[in-house]
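Chemist: This is the structure I want to talk about, given as structure tokens.
The values are calculated or read from the model by the stated rules, or taken from the named source; none is laboratory data. For clarity, every value in this text was computed on a predicted model and none was experimentally measured. FYI the Cβ positions are ideal-geometry reconstructions off the backbone, even for glycines, and counts take in every protein chain you see. Accessible surface areas use protein heavy atoms only, side chains included; no ligands, DNA or RNA. Shrake-Rupley method; radii C 1.70, N 1.55, O 1.52, S 1.80 Å.
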Amino acid sequence: MAVAPLLLIFLLTIVASTSAAPPSHFISHLPGFSGSFPSNHYSGYITVDEEHEKNLFYYFVTSEGNPAEDPVVLWMNGGPGCSSFDGFVYENGPFNFEAGNTSGTLPVLHLNPYSWSKVSSVIYLDSPAGTGLSYSLDHSDYITGDIKTAADSHKFLLKWFELYPEFTDNPFYISGESYAGVYIPTLAAEVVKGIKEGAKPVINFKGYLIGNGVTDMDIDANSFVSFAHGMGLIPEDLYVEVHSVCEGKYYKNDNVTCQEKVAQVRLDLKDLNKYHILEPCFHSPEQQEAEFVNSQLPSSFRKLGETERPLQVRKRMFGRAWPLNLPVQEGRVPTWPELSRSLPCTSDEIASSWLNNQAVRSAIHAETINITGPWELYTAKIDFTHDTGSMIEYHKNFTIQGYRALIYSGDHDMCIPFTGTEAWTRSLGYKTIDKWRPWFYNDQVAGYIRGYDHNLTFMTVKGSGHAVPEYKPKEALAFYSRWREELRSSILSYGEQERKNEPSFYYIIIIILK
């Protein structure tokens, strides 16, 4: 008769060990949303420096599929200094946010049918301290850079997996976009180093995804001219002239004639939404006149590519990347607020109104505004230094070790054009194991893909801008969700895929990211 109590204890032990999420971080409701969550949500702070009380904020959405086995994915936005609530609110988070009916009212939240939490558990992290809802009581911590940010984010991950031990065996990936093209490789380096040195808990790190990511100053800064030419944004004669006189080096070229020709190219591109060249810019006539004086681009071009969007709430894209004449380079990185500039094509008003509401902050266990300051999509608090240089060697190091890398580009982004990203992936010199070809979604070409050995894949997403999950949510979920599919024994040919009426990208993603 004593067996039954022992069995009960044993079963309770199993339950406890597989579901150890901290109750104090559990989210029971969210202002603006009515109904039940399709999976569990948690959020709160993890302290990465006890002495300074440096606290990084996260929002964790468990998978709607099989959270015990589905991948755990860390999502990071760029900047530097851009909150990852950018991704949560506007891109691949569990909700779509609709503006309130009247000014000052909270947005209405609807379930997002294309959330990445459909097939994985996702952690949205505000890093470094001073970004989004993360903060430190010692403001000297706001003087930071790539190396320090990566070290703090690694400390966060180790402590996070201590809080959530039930996820330590799940495949773990790091993902993000824009300046996360630096955040991700530098954090991955810390994670891999920790694994080799025996850091506990052991993180089951498998690889990473980067969308339109900052990578290498020379390649990133010199890719916009070939992109503009290929997209028909500058005339052939100007392209021939600028290419000839600059010899392919358009940034930091001391040749005066080259500088004049590059200035002419920039003038022709000035009116465009740099984050999606076919999307219209939404700004007042006063802003337009101030920002785009002397532009030669016909005003009618701004309407090209305009589509009806059910929840069109973005009007100023703030803190995503840099203008054509100010690429990210080594040394101190100025913030947009510091430059007294805002980017005139999307807005953060919806996220700001929600995250600065005290009822919302209470629901997600965030500190009050008097502790963190107002939430901003892009902070001016931090003094950030890009102190790691090019990311190309990082990528080479990881892929040689067997970690999987998916590098994807929205092909209408002019901030980090796909031409540069394609160039640096090709520059690694890896053997092509899957030649350039289309991949498909819903029987239509959704972009193009090339697979290399050493687990590296480059792909484009047709018609997307800088933030692929925002511009192309269906296609983004389609390629992302293939992570969890069964590994196929071989890659089917293009013709076989057409006959089977399946997206050709399916087979590559499985092999690269399984």
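Chemist: Give me the strands (runs of 3 or more DSSP E) completely within the range 101-188, filtered to those with at least 3 residues that are open to solvent by 10 Å² or more (accessible area, probe 1.4 Å) and either farther than 28 Å from Thr421 by Cα or touching a Cys at 6+ places or on another chain (Cβ under 7 Å) (or both), ordered by residue number.
Modeler: 108-111
Chemist: For the range 245-260, state whether one or more residues are open to solvent by less than 10 Å² (accessible area, probe 1.4 Å), over 27 Å from Thr186 (Cβ atoms) and of a type outside the set (Phe, Trp, Tyr).
Modeler: Yes: the range 245-260 contains one or more residues that are open to solvent by less than 10 Å² (accessible area, probe 1.4 Å), over 27 Å from Thr186 (Cβ atoms) and of a type outside the set (Phe, Trp, Tyr).
Chemist: Could you figure out which of (1) assigned to a strand (DSSP E or B); (2) open to solvent by 40 Å² or more (accessible area, probe 1.4 Å); (3) modelled with pLDDT of 95 or more isn't true of Thr385?
Modeler: Looking at each condition in turn, Thr385 falls short on (3).
Per-residue answers, yes or no, for (1) farther than 30 Å from Tyr430 by Cα; (2) out of contact with any Pro (no Cβ under 6 Å at 6 or more places or on another chain):
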{"position": "Ser352", "(1), (2)": "yes, yes"}
{"position": "Ala359", "(1), (2)": "yes, no"}
{"position": "Glu367", "(1), (2)": "yes, yes"}
{"position": "Ile371", "(1), (2)": "yes, yes"}
{"position": "Thr385", "(1), (2)": "yes, yes"}
{"position": "Glu393", "(1), (2)": "no, yes"}
{"position": "Phe398", "(1), (2)": "no, yes"}
{"position": "Leu406", "(1), (2)": "no, yes"}
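Chemist: Any chance the range 458-480 includes a residue that's free of Cβ contacts under 8 Å to residues at least 40 places away in the same chain and in contact with a helix residue (DSSP H, G or I) (Cβ under 6 Å, 6 or more places away or on another chain)?
Modeler: Scanning the range 458-480, I find no residue that is free of Cβ contacts under 8 Å to residues at least 40 places away in the same chain and in contact with a helix residue (DSSP H, G or I) (Cβ under 6 Å, 6 or more places away or on another chain), so the answer is no.
Chemist: For the range 443-464, give me each residue that is closer than 19 Å to Asp411 by Cα and outside any strand (DSSP E or B).
Modeler: If the condition is that a residue be closer than 19 Å to Asp411 by Cα and outside any strand (DSSP E or B), then Lys462, Gly463, Ser464 are the ones that fit.
Chemist: Looking at the range 190-217, I want the residues that are over 27 Å from Asn92 (Cα atoms) and have a partner that is in a loop (DSSP other than H, G, I, E, B) and at pLDDT below 95 with Cβ atoms under 6 Å, at least 6 apart or on another chain. Which pairs are those?
Modeler: Within 6 Å, the pairs are Met217/Gln329.
Chemist: Regarding the range 270-283, can at least one residue be identified that is at pLDDT 90 or above, under 17 Å from Asp411 (Cβ atoms) and out of contact with any Asp or Glu (no Cβ under 9 Å at 6 or more places or on another chain)?
Modeler: no
Chemist: Could you tell me whether the range 389-403 includes any residue that is closer than 24 Å to Ser84 by Cβ, touching a Ser or Thr at 6+ places or on another chain (Cβ under 9 Å), open to solvent by less than 30 Å² (accessible area, probe 1.4 Å) and not in a strand (DSSP E or B)?
Modeler: Checking the range 389-403: at least one residue is closer than 24 Å to Ser84 by Cβ, touching a Ser or Thr at 6+ places or on another chain (Cβ under 9 Å), open to solvent by less than 30 Å² (accessible area, probe 1.4 Å) and not in a strand (DSSP E or B).
Chemist: Tally the residues that are touching a residue at least 12 places away in the same chain (Cβ under 8 Å) and open to solvent by less than 90 Å² (accessible area, probe 1.4 Å), restricting the search to the range 423-435.
Modeler: Total meeting the criteria: 8.
Chemist: Considering the range 191-239 alone, what residues qualify as being under 17 Å from His395 (Cβ atoms) and either β-branched (Val, Ile, Thr) or open to solvent by 50 Å² or more (accessible area, probe 1.4 Å) (or both)?
Modeler: Val191, Val192, Lys193, Lys206, Ile210, Val214, Thr215, Met217, Asp218, Ile219
Chemist: Could you list, in sequence order, all residues of the range 449-495 that are under 25 Å from Gly429 (Cα atoms), among the small types (Gly, Ala, Ser) and either surrounded by fewer than 19 Cβ atoms within 10 Å (Cβ to Cβ) or at pLDDT below 85 (or both)?
Modeler: Ser490, Ser493
Chemist: With the range 14-87 as the region, which strands (runs of 3 or more DSSP E) entirely inside it contain at least 3 residues that are within 29 Å of Thr215 (Cα to Cα) and among the aliphatic types (A, V, I, L, M)?
Modeler: Output list reads 72-76.
Chemist: Are any residues in the range 360-382 part of a loop (DSSP other than H, G, I, E, B) and of a type in the set (S, T, N, Q), and if so, which ones?
Modeler: The answer is Thr368, Thr379.
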